[in-house]
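Bear in mind these aren't lab numbers, they're just calculated from the coordinates by the rules spelled out. Here the structure is a predicted model, which is why all the values come from computation and not from measurement. Note: ideal-geometry Cβ built from the backbone for every residue, glycine included; neighbour counts use all protein chains shown.
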Amino acid sequence: MSSILNLSDSLNGQKATKWGPLVWYLLITTTYYWQYFKYYSCQHSVLMEYFSLYLVLIYCRFCRNSFRDFWFVNDPRFCRKPLYEWLLWLHAKVNIKLEKPVFPLDQVEPTFIEPEKPYWERDQVSDHWQICYFTNLYLIACNYPPKIIDNEKCRKIQIAAKRMFEIAPQLIPISYLRHVQMTYPIDEKAFESRQSLFRLVFQLETTSNKTSRFGEDLESVAKYFECEYRSTT
């Protein structure tokens, strides 16, 4: 029973270091885009909810605990700074805790000024951002309970995951990808187990790119993420 109730620890430590930069890029660029380029007043509540879901869904136990600690020390819902600056503050705090370099704000400000072709629609940027986006979803799936049972903790994770898959597409800065992801029909059964959620992410990526970067085999995806995605009983 305990193996079903506990969140996976397969992404702690070294593996969190491996995926961390991709997820930070996703979070920082998404927030920057909506805050400085688009309709921030309309999306602020969505962004705030998006970040609050990571209190439950962060895939590394150590990262999740740190995120919770920093969140309650400086709750972004009551922070006077823009959400983007709060996120950079959070990143700096994490780097200090991990004894990594911390850079002044003016050195990490993204150079996203739109040139002739919008930054977000450039092929290289679009490809990299999509990798970060789907990597984040795969990691959430890897850390999902092997099977949802009638337990408060499992239900809390399930509710957070459902909401994540509802609102994350709304925040995609790449227009065609946002449209594809927002219009994809998601079956409620996708949230019944780790395996079904893993398969959903695979389908979402394949639908957006016509093919998966891992081929047609879910096993190859699981191997790449070093994740046991199959449900257990």
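Counting Lys and Arg as +1 and Asp and Glu as -1 over every other residue whose Cβ lies under 12 Å from the Cβ of Y54, the net charge comes to +2.
Residue pairs exceeding 19 angstrom between C-alpha atoms, taken from K147/K189; K156/K189; K18/K81; K18/K156; K153/K223; K162/K189: K18/K81; K18/K156; K153/K223.
Shown here for segment 53-93: chymotrypsin sites (Phe, Trp or Tyr not before Pro) in loop regions (DSSP other than H, G, I, E, B) with at most 10 other Cβ atoms within 10 Å, namely F78. Inter-label distance, K189 to I149: 2.3 nm, where each label sits 7 Å from its Cα along the C-beta direction.
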